[in-house]
Amino acid sequence: MSESLLDVRDLRVSFRTDVGEVPAVKGVSWQLRKGESLALVGESGSGKSVSAMSVLQLLPYPRAWHPSGSIRFSGEELMGAPGPLIRAIRGGRIGTIFQEPMTSLNPLHTVEKQIGETLRIHKRLVGKAARERMLELLELVRLPDPGRALRAFPHELSGGQRQRVMIAMALANDPELLIADEPTTALDVTVQARILELIKDLQERFHMALLLISHDLNVVRHMADRICVMRYGEVVETGGTEALFQQPRHPYTRLLIEAEPSGRPHPAGGGEPVLHAADIRVHFPIRAGLLRRVRQTVRAVDGVSFQVAPGETLGIVGESGSGKTTLAQAVLRLQRAQGRIVFLGEDISRLPTRLLRPKRKAMQVVFQDPFGSLSPRMSVEQIVAEGLLVHEPAMGDEERRAAIAQALTEVGLEPAIMARFPHELSGGQRQRIAVARALVLKPRLMVLDEPTSALDRSVQAQLVELLREIQHRHQLAYLFISHDLKVVRALAHRIIVMKDGKIVEQGDAEAVYTAPREAYTRELLEAALL
């Protein structure tokens, strides 16, 4: 048996709040051996990330504190260790990959400056030696054209490329332990599969230990040797990965394993299309070359046509950069485009803004990140009321409050939640509020842009069921954009598969899933199954 590298004993974490002390982790213990992969799994609020971030003392101290506990790394106590020791270990002997690289990387600095900083601090590498090491790292994480990537800013890279940069930074100083906190949540299925394969390959090559934090059990099964299941700040079950999947002992573990979006949507209502898009094109002119004199065109959406009927869900799938979100923005007239857009029988393609604005009440959007799309300074009541104030200015206060209460009830929330703010709610509750904000205006079309990707599997399943019921009750037309093909299958009647701005395959959802015609579609489906 390998020697223990990380030993966590009786770890407790509490947060000081306005209403008193809130315990987040309640006496958990686990060990990680050299070269081993351990996954901490559980839903949001289970304490898995708080436990992992305690290792490097990355919690918001002094608001967070440890009533008890011991964290020993290679036999050295980290709990209460002096700042210089912790700083030497962070990014040095322990590397970290965070969930969202766009918020973890500094948008004002190039990749070269950000990787160079960690090399300078921990390895004292500067100049030519540092650059050679950076190029070596970017080649190691299989980033195409490392020289160009070093000069790039984070916003100039794709999501998968940014995550590879994060991995390169984590590996820069040859760590003994790699902590990966939801490293693939925001990525497309094909990119996710490549990133997971890369992490596993690098772990085996350098004999690193891996501490993986995830709510996605498909990822965990593919990556971990052992699993530690957490709920409400406690460890409820620990065991080898295959044994735990084959014979889970705790009811909560069984719930997590079985919590997959399932079922099929209600039959579509039929009738005249709510939305008919014909030959939609979105082209962006750019300048390239050394002196930026070469004119080129990026064809983000290139001749796409579709329609969606009342009570029907059209799933739009594809990797990042395929054009699916740009297409949705185009048909909502949020992005300048060419082509014909017929909404509720009227051509709105060239409609002036003053005539288009009243029609926006009938076309609503639910975004990917519920925390980012809700104002932290507004209460739930204010958030849901915002659209009513714009589109129903004559509505009285009592009538408006009743409409808000009805919308909240319809998405499974108590009206009493109106006085609360987004940070006081779970991810699932925040996304339900986003749905209520759209639903309160009684729309005919809802664009759902990755509405479940930031949520736990069990919460995803609940939200999918909620969306199905709302659609059936109101005969709403959905455009459902997602890279999660399991969620799409549970919600969509028809699917279009996009690549490089074009539709490469389309048809009935079950037909596309069971007998895909195109190699690209088969690649997406295989990646979804890991």
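Tabulated data
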| read-out | value |
| --- | --- |
| 3 or more residues buried (at least 17 other Cβ atoms within 10 Å of the Cβ) and aliphatic (A, V, I, L, M): qualifying helices (runs of 4 or more DSSP H) within the range 338-401 | 380-391 |
| Residues that are surrounded by fewer than 18 Cβ atoms within 10 Å (Cβ to Cβ), part of a loop (DSSP other than H, G, I, E, B) and among the aliphatic types (A, V, I, L, M), drawn from the range 402-413 | none |
| Residues of the range 440-456 classified as surrounded by 20 or more Cβ atoms within 10 Å (Cβ to Cβ) and among the charged types (D, E, K, R), total | 2 |
| Residue in the range 198-218 that is open to solvent by 10 Å² or more (accessible area, probe 1.4 Å) and of a type in the set (Val, Ile, Thr) present | no |
| Matching residues in the range 457-488 - criterion: being open to solvent by 10 Å² or more (accessible area, probe 1.4 Å) and either modelled with pLDDT of 90 or more or assigned to a loop (DSSP other than H, G, I, E, B) (or both) | GLU465, LEU466, ARG468, GLU469, HIS472, ARG473, HIS474, GLN475, HIS483, ASP484 |
| Single match in TYR520, TYR513 (criterion: at pLDDT 90 or above, in contact with a Gly (Cβ under 9 Å, 6 or more places away or on another chain) and open to solvent by less than 60 Å² (accessible area, probe 1.4 Å)) | TYR520 |
| Considering residues of the range 146-196 that are touching a Gly at 6+ places or on another chain (Cβ under 8 Å) and farther than 29 Å from LEU5 by Cβ only, the residue least open to solvent (accessible area, probe 1.4 Å) | ASP188 |
| Residue among GLN368, GLN364 that alone is within 27 Å of GLY270 (Cα to Cα) and either in contact with a strand residue (DSSP E or B) (Cβ under 6 Å, 6 or more places away or on another chain) or in contact (Cβ under 8 Å) with a residue 12 or more places away in the chain (or both) | GLN364 |
| Any chance TYR232 is over 28 Å from LYS502 (Cα atoms), in contact with a Lys or Arg (Cβ under 9 Å, 6 or more places away or on another chain) and open to solvent by 60 Å² or more (accessible area, probe 1.4 Å) | yes |
| Number of the condition not met by GLU424 [criteria: (1) within 26 Å of the chain's Cα centre (by Cα); (2) touching a residue at least 24 places away in the same chain (Cβ under 8 Å)] | (2) |
| Whichever residue in the range 235-263 is of a type in the set (Asp, Glu) and at pLDDT 90 or above and, among such residues, is least open to solvent (accessible area, probe 1.4 Å) | GLU237 |
| Pair list, Cβ under 7 Å, 6 or more apart: the range 16-32 residue within 29 Å of ALA224 (Cβ to Cβ), other residue polar (S, T, N, Q) and open to solvent by 50 Å² or more (accessible area, probe 1.4 Å) | TRP30/THR238 |
| Residue within the range 61-72 that is among the aliphatic types (A, V, I, L, M) and closer than 30 Å to ILE257 by Cβ present | yes |
| Where HIS283 falls short, out of the listed (1) touching a Lys or Arg at 6+ places or on another chain (Cβ under 8 Å); (2) closer than 21 Å to LEU445 by Cα; (3) not polar (S, T, N, Q) | (2) |
| Test: residue in the range 414-421 that is open to solvent by less than 40 Å² (accessible area, probe 1.4 Å), in contact (Cβ under 8 Å) with a residue 12 or more places away in the chain and not in a helix (DSSP H, G or I) | no |
| Pairs, first farther than 19 Å from ILE341 by Cβ in the range 261-275, second among the polar types (S, T, N, Q) and part of a loop (DSSP other than H, G, I, E, B), C-beta under 8 Å, six or more apart | PRO261/THR452; GLY269/GLN475 |
| Test result for LEU178, within 17 Å of TRP30 (Cα to Cα), under 21 Å from the mean Cα position of the chain (by Cα) and not charged (D, E, K, R) | yes |
| Check on LEU85, modelled with pLDDT under 90 and aliphatic (A, V, I, L, M) | no |
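The values are calculated or read from the model by the stated rules, or taken from the named source; none is laboratory data. Computed from a predicted model, the values in this text were never measured in an experiment. Note that we place each Cβ from the backbone using ideal geometry, even for glycine, and neighbour counts take in every protein chain shown. These accessible areas exclude ligands, DNA and RNA; they are computed on the full protein's heavy atoms, side chains included. Shrake-Rupley method; radii C 1.70, N 1.55, O 1.52, S 1.80 Å.
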